[in-house]
Structure formats: C-alpha cells, structure tokens
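Heads up: the structure comes next, in structure tokens.
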Amino acid sequence: MMLRKKNRKFILLAVFIAAGLFTISLFSQNVSHRADLLKGNIDIPTERKIKWNQHSVFADTIYQTWANRALNPDDCKVNAPRIMLGKLLLKKDIAEVNALILKTLPWGVTGSVWALNKKGDYDFTMAILCTILYLFGNQPHILYPETTQHLVDVLLIEEGGKFRYKTPNTAGIVDETENHLLMTEGSRYLKNQWKRTKGNNNPMYDNIANGMEKKLSELLHEMRNADLYEFNSMPYTGYTITGLLNLEAFASEKIRKDARDVLDYMNYTYAIGSYQFKHYPPMRRRYDKASFSELTNDYHSVFMKSWMAYLPNLAPGHNVNGSDVHAIIGSCMPYRPADKVVELLSDKGDGYFIKIGHGDKTCPEIYSAGKKYVLSAGGASRGKASDIVARPIVLFLDDHTESLSQSFHLSGPGSDFMKWNNTGVYQNFACAAGPVSVPAEYKPIVENENWKIFSYQSNIFIAVYSSGHCGIICLLTGNDPKQLLKKIVESNADAKLLGTKFNLPESYSIEYDLLASDNKWVIKAVDGKSVDRDFDKWPLIDGVINK
C-alpha cells in the first residue's frame, strides 16, 4: 500500500533528524563528565587586596543607555529584560517596569534552539530576570511584591531538582551547551533558593535535598578543571559569564566560590592572552563569527572593561561598540577579578611563554609576551565537526590599534581558516605557512632582500620575513637595527632553510613544520631538542614566567 505523500514527508524528516542527531553525537566531544586536565605548573591567582571604587562613570553611562530605551514587549529575548534592569538600577519608570512584568508571560522554553525546540532560548531572558529578582526582590518600593511574586511563580519556569544535561527533544543524545546549562540550571537553582528562603518548605525547593547543589557544583568543577568546552566562544562566552556572575553573586557560599573559581580561571587566561583589551584567541563556536576582525571588543573584553571601570586611578577607553548587552551585567554585579589579572592586563612584567591546553580534539592557546607586547597564536582547525575557529597569529603592541588590519599578523596556508594550523608561536617568535601582514603605517628602518626590521620601542625591534609560503615574526632587543639585521642574516645564512628552521641570534634555534597536521604543535624542536607537540594532552596552564 502506498504511503500518503504527507506521511512520507514526515518519515523522511524523522529519518533526517535521527541521522543528524547520530552524526552530532558521533563527532562532537562530550560536554559533560569530561576528565580533568593536568594542572600544569602555573597557579590561578585569587588574591584580592585592591579596594575597588563603589561607583563607575562607565556603569552610569551603560545604565543610562538601557534605561533611556523604550520598553518593547516583542523584543523580549535579550533587550527587554536589560531595559527593565537599566531602568530599575536608575530608579526610572518604576511603575511602568512593574506593570510590564505583571502582564508578561513566558515567550518560550529553555534550552538550545533547533528544529524540534524552535521556541528555545528562554533561558537568555530568565537569567536576567533572576538578576532583577535578587537585586530588587527585597526592595518593595522598586520591585513591587505582586511583581516579585509573578516573576518567581510565572516567569521563572524551571524549578525543582531535574537537572537537564541534554538539549531538549534530542532523545537524550546531544549534550546541552555550557551557556545554556548555566543560565537554565543556575536560574532553576536560584528560584529554588528564593522560594526556600521565603518560607516554602516543599522539598523540591531544597537545593541540597533535590541534588541541585551537588550537580551544579560538579558542573562548575568540570569547567574549572577540565576547561570550558565553549572556550572563547562568540557569542556564547558572554552568556556563560552572565550565568556565572548570577551564581557568584546570589547562590550559597559553596556555589559562589565554585563559580568564582571558574571566573578567576577564565579571567586569568584572558589576561595572559590579551594586552590592553586586545584579544584574538582561537575559539570554539561559531563559524559565522570567523570573519570578526575587531581586537578589543569581543564579549570577554566587554566584561573586563566594565570591571576595570571600577578600578582606582585607571581610566581606560571603554568603547564597547554595541556590546553593552554584556556591559550592563558586568557593571551591576559584585564580582571583580583577582589582583594579578588586573596587573597583567596592561603590565606583562619581564614577559612569559605560556601554553593553555583545552583537551582532546581541541586546539591550544599559546602566548609569548615581553614588556610591551604579546604574540597570540591562532590555534588549529580540527575539522568542521569540531566547531573550532582557527585565527591568525597576531602581535599586540602598546598602541591604540583595535582591528586585525592595523596589526602585524600571519596565517596560512591560504585564506581558508579550516585549513590552518597557526600554533607556530615560541618565545619572541612566530611562524606560519603564509605571508606576514604589516600595518600600513609601519615602514622598515633597515631591510635586505629577505628581512625587514621595524622599530617599535626604544630598544625593541620587529623582524619580519615574508614569502607566499612562509612568514616569520621575531622580536629583538638592541640599540643598532643595522647590527641586528646583520646578525639575523649571519645566523640564517641559507634563506632556503627558513621554511623549516630559524636561528635566533645569540639565543636558540627553532625547528618547525609549517604544514603540521591539525593535532600537532607547529614547533618541532628547540636547540635540537624535541618538544611535546601533542597539544591534545597539554595541561591547563603551563609555561615560563620571567622574573
């Protein structure tokens, strides 16, 4: 008997979806229950002695930006709750905000959006509603009692102890992403806690008895010790930090510390890999963000700027270019980074060489820093199913540069980032299978047929070798650029060998494979001694910090 056309379409759709789920589960890394990485030889700083300001002009500006916007109930996923938050922070239009909350109903469900969960992403809204609840729920002159009740009982739709690890409607096959876990389960936890502290003794709201405390703690420990699956993600890092900030501010002391540990780890790695808010690391998720070329306005940088605005005697530029979505959350929450993180943002001391591992089937972050610069490796693509975006190697300098085109950078082969392994960074040295891009404003002060020397600081010079298949950047110190060029030429007499080996004058030799496979560090040996190239097994943070 012939199947009806409609039924055939339904069966074909079901088969297609099932095949897609199988493919995702087969090739994706398990987000939950990952093994801890080795610790490495560098500890995460946690000391806090800075006396932060209680007021920030930048925060006021961000609050005003949101508070001055008209409330639009249809723009409810991201903007509406932040407009309400901005107005309440400035005690503006209080009656209007309360009225809107009272007549609002949940617009969707939690969890990742996909074909069988089209109304997902409600946790994006719910996380900010939790922020509003905890900031103002005990201030009845701002958030009216009936508004608070409606927010808790109607708008915060997750409660109890059913911790959902999987993406909705995937038959338990596909792991939920970290940002959704934190926003959904963090909001569930905080609703339970609110109900419990307000006298509701139903066991479902007891986060100890229902297992939420334990499960949330396990997730946070995994993110801290096995690293984040969505490392440096655009745009998801912003929402991961939002979920963590809620927990660090409002949860039990244990969960607050666990969330703070993850934030401290994320912010320390950010400080290692950035310079004056320039940050351009490899990332996981999403490929459509691969062309993003701004250096100072990724979402992690926006949070950093919002925190640093409270720092005494510091007035950095705070242009967030539309990322005030996250600036308002960073500004209104109590978390502040550890002292060492603050120092590293603009002062690299005597420099360092640090490798940050992200685990199996990922790619590392590699950074070499001097007193006034950072070389940032771009990572390696691990195939389309990996969701990893490899980026160019970039040299961050002490300047006002905000885009990739204004910076020394190199990548290759070709322009397809899916074919790149840009892990070729060592101490004061970078190489890739493509030419070096030199900012237009930089002109060589000395050069020959192979090398160009650019002046940077009073005794720091940038040496560049560039061909279609090999690019090299080397940072050198000295007083005479002509003498430096002479030493480079003498140390690398056969230019044909530069595709595989470079001798740093009066220092060390570096051997490399510019076309290394996607699971190997481009650097092969230093002074003839082989290095550990298997970056899938590198520890969390390991390296040398110059004293």
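Overview of results
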{"item": "Meets criteria (assigned by TED's automatic domain parsing to the domain that holds SER381, under 28 Å from the mean Cα position of the chain (by Cα), closer than 25 Å to THR269 by Cα and surrounded by fewer than 18 Cβ atoms within 10 Å (Cβ to Cβ)) for ASP518", "result": "no"}
{"item": "Failed condition for ASP518, given (1) free of Cβ contacts under 8 Å to residues at least 60 places away in the same chain; (2) in a loop (DSSP other than H, G, I, E, B)", "result": "(1)"}
{"item": "Checking LYS166 against (1) of a type outside the set (A, V, I, L, M); (2) in contact (Cβ under 8 Å) with a residue 40 or more places away in the chain; (3) closer than 17 Å to GLY111 by Cβ, the condition it does not meet", "result": "(2)"}
{"item": "Among residues of segment 114-134, those that are of a type in the set (A, V, I, L, M, F, W, C), part of a helix (DSSP H, G or I) and within 26 Å of the chain's Cα centre (by Cα), counted", "result": "7"}
{"item": "Out of LEU85, LEU13, sole residue that is out of contact with any His (no Cβ under 9 Å at 6 or more places or on another chain), at pLDDT below 95 and more than 30 Å from ILE541 (Cα to Cα)", "result": "LEU13"}
{"item": "Extreme residue, farthest from GLU178 (Cα to Cα), among residues of segment 98-112 that are touching a Leu at 6+ places or on another chain (Cβ under 9 Å) and not in a helix (DSSP H, G or I)", "result": "THR104"}
{"item": "Count - residues of segment 108-166 that are of a type in the set (Asp, Glu) and touching a Lys or Arg at 6+ places or on another chain (Cβ under 8 Å)", "result": "3"}
{"item": "Unmet criterion (only one of (1) in contact with a helix residue (DSSP H, G or I) (Cβ under 7 Å, 6 or more places away or on another chain); (2) on the phi > 0 side of the Ramachandran plot) for ASN246", "result": "(2)"}
{"item": "Selection count where residues are touching a residue at least 40 places away in the same chain (Cβ under 8 Å) and not in a strand (DSSP E or B), scope segment 462-485", "result": "2"}
{"item": "Of all residues making up segment 493-508, the number that are more than 34 Å from the chain's Cα centre (by Cα) and at pLDDT below 95", "result": "7"}
{"item": "Test: residue in segment 163-172 that is of a type outside the set (A, V, I, L, M, F, W, C) and more than 29 Å from the chain's Cα centre (by Cα)", "result": "no"}
{"item": "Of residues in segment 42-63 being of a type in the set (S, T, N, Q), part of a loop (DSSP other than H, G, I, E, B) and under 25 Å from the mean Cα position of the chain (by Cα), the one surrounded by the most Cβ atoms within 10 Å (Cβ to Cβ)", "result": "SER56"}
{"item": "Top-ranked residue of segment 138-187 - restricted to ones that are among the acidic types (Asp, Glu) and in a helix (DSSP H, G or I), ranked as farthest from PRO203 (Cα to Cα)", "result": "GLU178"}
{"item": "Close pairs from segment 105-125: first without any contact (Cβ under 8 Å) to a residue 12 or more places away in the chain, partner surrounded by fewer than 16 Cβ atoms within 10 Å (Cβ to Cβ), Cβ under 9 Å, at least 6 apart", "result": "VAL113/LYS119"}
{"item": "ILE523 vs. criteria buried (at least 18 other Cβ atoms within 10 Å of the Cβ) and modelled with pLDDT of 95 or more", "result": "yes"}
{"item": "Of all residues making up segment 208-224, the number that are crowded, with 20+ Cβ neighbours inside 10 Å, under 19 Å from ASP261 (Cβ atoms) and of a type outside the set (Lys, Arg)", "result": "7"}
{"item": "Condition check for GLY528: surrounded by fewer than 17 Cβ atoms within 10 Å (Cβ to Cβ) and either in contact with a helix residue (DSSP H, G or I) (Cβ under 6 Å, 6 or more places away or on another chain) or under 26 Å from ASN421 (Cα atoms) (or both)", "result": "yes"}
{"item": "Some residue of segment 486-497 being assigned to a loop (DSSP other than H, G, I, E, B) and basic (Lys, Arg)", "result": "no"}
{"item": "Residue count for segment 443-459, restricted to those that are closer than 18 Å to HIS409 by Cα and surrounded by fewer than 17 Cβ atoms within 10 Å (Cβ to Cβ)", "result": "3"}
{"item": "Single match in ASN201, ASN179 (criterion: surrounded by fewer than 22 Cβ atoms within 10 Å (Cβ to Cβ) and either on the phi < 0 side of the Ramachandran plot or assigned by TED's automatic domain parsing to the domain that holds ASN297 (or both))", "result": "ASN201"}
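The values are calculated or read from the model by the stated rules, or taken from the named source; none is laboratory data. All of these numbers come straight from a predicted model, not from anything done at the bench. Because the Cβ atoms are built from the backbone with ideal geometry, glycine has one as well, and the counts that use them run over all protein chains shown.
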